[in-house]
1. Could you tell me which numbered condition residue B:523 fails, if it satisfies all but one of (1) within 14 Å of another protein chain (Cβ to nearest Cβ); (2) without any contact (Cβ under 8 Å) to a residue 12 or more places away in the chain; (3) not aromatic (Phe, Trp, Tyr)?
2. Of the conditions (1) part of a helix (DSSP H, G or I); (2) farther than 24 Å from residue B:2 by Cβ, residue B:503 clears all except one; give me its number.
3. For the condition surrounded by fewer than 19 Cβ atoms within 10 Å (Cβ to Cβ) and modelled with pLDDT of 95 or more, what is the one hit in B:734, B:690?
4. Here is a check on your reading of the model: is residue B:150 hydrophobic (A, V, I, L, M, F, W, C) and either touching a strand residue (DSSP E or B) at 6+ places or on another chain (Cβ under 8 Å) or over 22 Å from residue B:53 (Cβ atoms) (or both)?
5. Answer yes or no as to whether residue B:112 is away from chain A (no Cβ under 14 Å) and either among the charged types (D, E, K, R) or in a strand (DSSP E or B) (or both).
6. Evaluate the stretch B:408-427: report whether one residue or more is over 23 Å from residue B:634 (Cα atoms) and of a type in the set (S, T, N, Q).
7. Looking at the stretch B:466-473, is at least one residue farther than 15 Å from residue B:608 by Cβ, buried (at least 17 other Cβ atoms within 10 Å of the Cβ), under 25 Å from the mean Cα position of the chain (by Cα) and more than 14 Å from chain A (Cβ to nearest Cβ)?
8. Would you call residue B:595 in contact (Cβ under 8 Å) with a residue 40 or more places away in the chain and either among the small types (Gly, Ala, Ser) or crowded, with 24+ Cβ neighbours inside 10 Å (or both)?
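The values are calculated or read from the model by the stated rules, or taken from the named source; none is laboratory data. Computed from a prediction, not measured in an experiment: that's the story for all the values here. When we count neighbours, we look across all protein chains shown, and the Cβ atoms used for this are built from the backbone with ideal geometry, even at glycine.
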Amino acid sequence: MVQVTLWAGLRPLAEDQEHVTIEAATIRELLSKLQLRYPALEQPFRNDVAVAINGTIYRDDWSQGIPEDAEVFLMRRIPGG
Amino acid sequence: MSFDASYNEKELNAVGTRPVRPDGVDKVTGRARYGADYNMPGQLVARVLRSPHAHARILRIDTSQAEALKGVKAVVTAADLPDLTDGDASLFAILDNCMARTKALYDGHAVAAVAAIDVHVARKALKLIEVDYEVLPHVVDVDLAMAPDAPVLDETIITKGVTPAPDAPSNVFAHSEFGHGDVAAGFAKADEIVERTFKTEQTHQGYIEPHACVASCNSDGSAEMWVCTQGPFVYRQVCADLLGLEVSKLKVTSSEIGGGFGGKTHVWAEPVALALSRKAGRPVKLVMSRNEVFRASGPTSATSIDVKIGATKDGTITAAEATLRYTSGPYPDTWAETGAMTAFACYDLENVKTVGIEVLVNRPKVAAYRAPSAPMAAFAVESAIDSLAHKIGIDAVDFRIKNAAREGTRSSYGPVYGPIGIGPTLEAAKAHAHMSAPLGKNQGRGMACGFWFNFGGQTCTDLNISADGTVTLSVGTVDVGGSRASLSMIAAEELGIAYEDVKAGVADTASLGYNDMTDGSRGTFSSSMATISAARNAIAVMKQRAALMWDIPVEDIEWKDGQAHAVGASHDNLAPLSVKDIAAKAGNTGGPIAGHSELVADGAGVSFGTHICDVEVDPETGATRVIRYTVIQDAGKAVHPAYVEGQYQGGAAQGIGWALNEEYIYGEDGRLQNAGFLDYRIPVCSDLPMIDTQILEIPNPNHPYGVRGVGETSIVPPLAAVANAVSDAVGVRMTHVPISPPRILAALKAQR
């Protein structure tokens, strides 16, 4: 099981949950299951979300594995200059 | 991702050297072709009519006289750019910004455009376009825009992120919040607290080359565009979406780029040029003037930031809090949120809270500017940190070292850090000779830290080996800072050939798969990863070809030092085959030899820098001169150290300009007063000392050579480093950037 922390902007779309526990081995599985549980997350998941696993931020590589007991954090995708 | 991007320590030969850049000769001889240097047969000239009002309802536009003028081939308004955005608010904002629909929202907002046979006719035609405006009250200041009596730009905006939701519209688009712990409890433990409000003014990226493009739409639905951009694939997608074109039928070629710094990650005039070409049936060139660049493209946010930091007498920060108000121009965006994420990212804090507030104003739509939103937040936080260090009587560097984030720290924006590099940059600053050099009269010293998120993204590279064994490398990330040299070095390193035998170029959108833009400090990080992957794929092909040439199993071949070696007792007498040997026989061993790579480069890793600044302030005039400046930053691995130094120096130079002189100045009428480089003063060489650099190399575990992005972080600390130095020199805390002579004189007068 993975405990995922949602950034504040996502919480209203996930029944005001800050932390969600979910069974997922990859980022793709994590996002898919989260969206199934909270359908309103579909919109931000299209292009607004990055996933931090143990502090490393992944913006696009949804095949990235999630180690057991990893700290997982859903963040907003940051613009660059 | 099948490519293993893990760091693998090994001796590097080409990487880390300083060869001459391949684009240098073209640039110094004037042969390099920038956005305005391309021409097509039958090309028309475009000019744009812009609103003179900061806020006005467009009641009527009559283009009939302009259309009737001899030599005018097309006139477009918003009616020629129908809304195809399908409810996508951010795409609609881009569309509306390119051409105002119902309201002009800032001085300079485009309302119509013409394409004519020459510039004289085009200008004349603009004067014949009649626009009836209902002038509306306007607001340009971030704090005034939040006042209850402020004119509201968009009546549909109800602030998001606050509970309960407001029942009336306002200019505040959204609140966002980050942090952890209990800041009230943390402040209760503090022996000393610093609490201040800071302001920063709006600045422009100041790229020397204005936005320029040539667009050509054909009657069969295909189109092409030559354009100065940081991201041809993204421009293609956005323009295709806005104009209803099929993405694959729009070919975008990026020109050389005379600076972008984030301002060329957004489209401004390009959809208008395409619309004009579509209507005229001829190619159209659109080049923005400097005045237009300032008034209608690319500025950063103006901000107003409250910071409160508390610490115990032993120098431990007990709590930190900031409220950051950022302008986004007239459309909703998330610039304050990014500032709120970065504000305290350098520190290990038990109790921290940041709130970002997005504010709409009648100014141009804000664009990314090198580590967007971070410099302003760092200015406020690092100034307050400096004040607090003085207040508790601890050295400013030691105070930061004591509280610096490290591996295992929960960042102020949420996740726990892995290995990070702020500690080494601070230790390097403490040990640097600059820190202990003597200061003279009216001189002061300041230092500051900065943080930025780097990223990677979608990347595609083709590596082709020619018959003579030389290599062409096609990349999709625009070269803004020497990446063609760096990527050639990477290809040479992998293949084991000379740097001079590799020619890198930026491909157009019809020649290569999709690439994200050159932004987020990703150009060399991500394209080098794809180049390594492509080169290794090419080596696999060359081993197969060598096997055919020798008629031995491919398993008996090793690639070493740029050559195929046959291994095993039965092949010992075979002389190695070089790339040139294998390439010469390619036609008879299976045809052209190439390596391709398509990947997502993730794991860029966050970045930190520490800067030291000495200034001398003339107390009579308030003029400030930077007399010494040092940048210390981790590059992971500097592929071409001269270009890494250039990125460090460039970011520092831009930050110094922002800190001391640059600002958008609006009149009471909401019109920009200084839309040109005479009145908007960016630093020139004679304004700056030689900016010293110290490159730290702490390998990034997520790149084969340990490379990190280096392009953006260097603009984050300078505002605060300069402000701390000036404050040290004049004995007054400077809280408003730019710290221009009038502000310094006013501060000195107030002190007396």
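1. (2)
2. So the condition that residue B:503 fails would be (1).
3. Sole residue among the options that is surrounded by fewer than 19 Cβ atoms within 10 Å (Cβ to Cβ) and modelled with pLDDT of 95 or more: B:690.
4. no
5. Yes; evaluated as a whole, the condition is true for this residue.
6. Within the stretch B:408-427, none of the residues are over 23 Å from residue B:634 (Cα atoms) and of a type in the set (S, T, N, Q).
7. There is at least one residue in the stretch B:466-473 that is farther than 15 Å from residue B:608 by Cβ, buried (at least 17 other Cβ atoms within 10 Å of the Cβ), under 25 Å from the mean Cα position of the chain (by Cα) and more than 14 Å from chain A (Cβ to nearest Cβ).
8. yes
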